[in-house]
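Undergrad: Supplied in structure tokens, the structure appears directly below.
The values are calculated or read from the model by the stated rules, or taken from the named source; none is laboratory data. What you are looking at is a predicted structure, and each value in this text was computed from that prediction instead of being measured. All Cβ positions, even for glycine, are placed from backbone atoms using ideal geometry, and neighbour counts span all protein chains on display.
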């Protein structure tokens, strides 16, 4: 028996009006979807990477999958805190996320790095905008969460960027 529909709000007393809560829940769920999609992509690349840097990239992709996956629970719990319903299925992640899924085949390591870097840059840009929206909605808690998460993506993007450089 369903006790709350996806687009309904519970009446938690977090001091925000319903329109602001709905907007913030939308942003949180998009970030939840993107974190889930990116974690899955990292795991696929972790499993399928090959070439002269296999070991380094295999370990890096697994570490980064863990980093991104650790944000999932915080995002979902913030959705609940604001009275919403977090996404929870692969179909919802694809529908509400803004990242493309990994290619069905295997791509070369350089293409993997470029794809991941592009995803991180997209997430970083969106999170910076989301931080501003959370501030405009009067929600320092969500703004703080987005600020902490953007730092995860910035650091992971830096590591990937360093792997894409040519030897000096």
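Undergrad: crowded, with 19+ Cβ neighbours inside 10 Å and either in contact (Cβ under 8 Å) with a residue 40 or more places away in the chain or not in a loop (DSSP other than H, G, I, E, B) (or both) - does that describe any residue in region 1-14?
TA: no
Undergrad: Inspect all residues belonging to region 144-166 and state whether any of them is at pLDDT below 95, surrounded by 15 or more Cβ atoms within 10 Å (Cβ to Cβ) and in a helix (DSSP H, G or I).
TA: yes
Undergrad: Right, another one. When the residues of region 91-113 are narrowed to those that are within 14 Å of the chain's Cα centre (by Cα) and surrounded by 14 or more Cβ atoms within 10 Å (Cβ to Cβ), which ends up nearest to residue 153 (Cα to Cα)?
TA: Applying the filter and picking the extreme gives 99.
Undergrad: Sticking with this structure for a sec: Quick check on this structure: which one of 116, 87 is crowded, with 21+ Cβ neighbours inside 10 Å and either without any contact (Cβ under 8 Å) to a residue 40 or more places away in the chain or within 16 Å of residue 44 (Cβ to Cβ) (or both)?
TA: 116
Undergrad: Kindly provide the set of residues from region 78-89 that are over 15 Å from the mean Cα position of the chain (by Cα) and assigned to a helix (DSSP H, G or I), ordered by number.
TA: 80, 81
Undergrad: Find the residue count for region 27-77, including only residues that are assigned to a helix (DSSP H, G or I), surrounded by fewer than 18 Cβ atoms within 10 Å (Cβ to Cβ) and more than 13 Å from the chain's Cα centre (by Cα).
TA: Qualifying residue count for the region: 11.
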